[in-house]
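Presented below is the structure to which this report refers.
The values are calculated or read from the model by the stated rules, or taken from the named source; none is laboratory data. This one's a predicted model, so the numbers in the text were calculated from it and none came from an experiment. Every residue, glycine as well, gets a Cβ built from its backbone with ideal geometry; the counts of neighbours run over all protein chains shown. Heads up: the accessible areas ignore ligands, DNA and RNA and are worked out on the full protein's heavy atoms, side chains in. Shrake-Rupley method; radii C 1.70, N 1.55, O 1.52, S 1.80 Å.
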Amino acid sequence: MSQSNVPQELKQFFPKEVQESLIRLRRHLHQNPELSFKEERTSQKLYEELAQLNPVELVRVAGTGVVARIKGRNPGGPTVAVRGDIDALPIQEATGLEFASQNDGVMHACGHDVHATWTVGAAHLLAKDPAAGDVLIILQPAEEIAKGAKAILDTGILDKVSAIFGAHVDRRFEVGQVVADEGAVAAAADMFEIELVGKGAHGARPQEGNDPVVGMAALISTLQTIVSRRLDPGKAGVITVGTVRAGSAPNIIPETAMLMGTIRSFDPETRNLLHSEVKNIANSIAETFRLKCNIKSEYGTPPINNPAEPISWARQAVSALLGKEALVPLDMLNMGGEDFACYMKKIPGCFIRIGAREPGGEIIPAHSSKFHAAEESIFVGAAVLAETARVASTALSRT
Ligand code: NI
């Protein structure tokens, strides 16, 4: 096992056999990654792990989701929830880990193997030392396509939940550091798709056609002026074109060209502005180049703004377990999206980041083929989430 900053006092909450079983579980999940809503073996494995804890209730929900109810000390106490996401990404792994993915082209490149494992770890801790009220352990599918949280909410299983907590691994921070900031911690993540329809022609005689490729080139550049020329410099926004498709041969002007992109923002005004400017520019460029334009855009997950009270519960938990100095600021605007935001629209809660870099290790971005979370972050995530649930449950019992 690697060196770590996890203090012995924290590790002692986990009997040796639990430590070993969590590490085995994480490695198993990492080695057998499955894509969003296809997490069948993952779900089965997690179901079996939770069944060993004799939860009062263990159900499969939303296809590949699993929910366990860990009994609290007081019947009738408030119910809180801890959520871990379980899906992987369509990436070919290049970590060289001994437990690297055996599923070609699929990889746990966002650390959801560790999230699933620390959520099971939190269940262990809460079964041994329960919160005031019951805790729902939510193993959620399909975070990467931003559909899993909604699917879980739609089942109604969270209808009586008073607070919900979740966390993400982050290799910008060492194991033992935790980010539990109040305010904006994840952006709204939306998508758009624009099809430009022109008139095909021979590449040698452009005057006989309407070239959608030239229109697309102008469109891509002009879209970048929205953030630089339309948006208040004091506001955060990103427009990225990530996919372009057109043509089949060097000497043919194609009929159509299409592009897809993502829009990121924090506040609703910025979000609406970016969407409407994308449409304006696409329509006017299409007109200029004598093209037709079909625009699809979709509002995806909302931003996450951690409210004061739930984040104070998480900070209290981190301070108690790891000391105040373990709390570090994010120190950047995270334009990434996270579908945990869907829960927070309905249920109070907060979302934190757990350091996942080995001491002296490299900073590797999530969604890269080399990404892996330091193993010991499992224990920090499990202990912090379990303790946050206890603190929240006690606080909510008083109200
Ligand atoms: Ni993720």
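Please identify the trypsin sites (Lys or Arg not before Pro) of the stretch 103-193 that satisfy two criteria: DSSP loop assignment and at most 13 other Cβ atoms within 10 Å. Which are they?
Sparse-neighbourhood loop trypsin sites (Lys or Arg not before Pro): Lys160.
Label the stretch 1-56 by shape, choosing from rounded, prolate and oblate, from the square roots a ≥ b ≥ c of the eigenvalues of the Cα gyration tensor; if a/c is under 1.5 it is rounded, and otherwise prolate applies when a/b is larger than b/c, oblate when it is not.
Because a/c hits 1.5 or more and a/b fails to exceed b/c, the stretch 1-56 counts as oblate.
If amide hydrogens are placed 1.01 Å from N in the peptide plane, which non-local residues have theirs closer than 5 Å to the one on Ile164?
Here Ala81, Gly349, Cys350 satisfy the definition.
So what's the back-of-envelope 222 nm ellipticity for the chain, counting only DSSP H runs of four-plus at -39500 (n - 2.57) apiece and dividing by all residues, rounded to 500?
The helix contribution divided over the chain gives -11000 deg cm²/dmol.
Quick one: which of Lys45/Lys71; Lys147/Lys324; Lys160/Lys279 span more than 29 angstrom between C-alpha atoms?
Checking Cα-Cα distances, Lys147/Lys324; Lys160/Lys279 exceed 29 Å.
Along the positive direction of the dipole of the chain (beta-carbon charges: Lys, Arg +1; Asp, Glu -1; about the Cα centre), which of Ile253, Ile23, Phe289 reaches farthest?
Value: Phe289.
Starting from the amide H of Val61, placed 1.01 Å from N in the peptide plane, find each other amide H under 5 Å away whose residue is 5 or more places distant or on another chain.
Val66, Val67
Any idea of the accessible area per residue across the stretch 185-238, 1.4 Å probe, to the nearest Å²? Write down the numbers at each step before the final one.
Working: 2590 Å² over 54 residues.
Per residue, the stretch 185-238 has an accessible area of 48 Å².
Once the Cβ-Cβ distance between His28 and Ala184 is put in as r, and R0 is 41 Å, what FRET efficiency do you end up with, to the nearest 0.05?
Efficiency, rounded to the nearest 0.05: 0.70.
I'm a student and want to see the number: the projected area of the Cα convex hull of the stretch 188-301, averaged over all directions, in nm².
6.8 nm²
How large, in percent, is the carbon and sulfur part of the accessible surface of the stretch 188-301 at a probe radius of 1.4 Å? Working shown, then result.
Values: 3130 of 6070 Å².
So the carbon and sulfur contribution to the accessible surface is 51 percent.
Under 16 Å from the Cα of Lys346, which aspartates and glutamates turn up, not counting those fewer than eight places away in the same chain?
Cross-link targets: Asp154, Asp159, Glu309, Glu338.
Excluding ligands, DNA and RNA, what is the solvent-accessible area per residue of the stretch 65-119 at a probe of 1.4 Å, expressed in Å²?
Value for the stretch 65-119: 33 Å² per residue.
Mind listing the long-range amide H neighbours of Gly77? Cut-off is under 5 Å, sequence gap 5 or more, other chains count too, H placed in the peptide plane at 1.01 Å from N.
The list, which skips near neighbours in sequence, is Asp134.
Would you mind telling me which residue in Pro250, Pro212, Pro268 has the biggest mean-square fluctuation in a Gaussian network model of the chain, where springs connect alpha carbons within a distance under 10 angstrom?
Of Pro250, Pro212, Pro268, the Gaussian network model singles out Pro250 as fluctuating most.
Who wins for biggest fluctuation among Val178, Val227, Val169 in a Gaussian network model of the chain, springs between alpha carbons below 10 Å?
Looking only at Val178, Val227, Val169, the largest GNM fluctuation is found for Val227.
Given the options Pro348, Pro302, Pro329, state which has the largest fluctuation in a GNM of the chain using a 10 Å cut-off (strictly under) for Cα springs.
Greatest mean-square fluctuation among the candidates belongs to Pro329.
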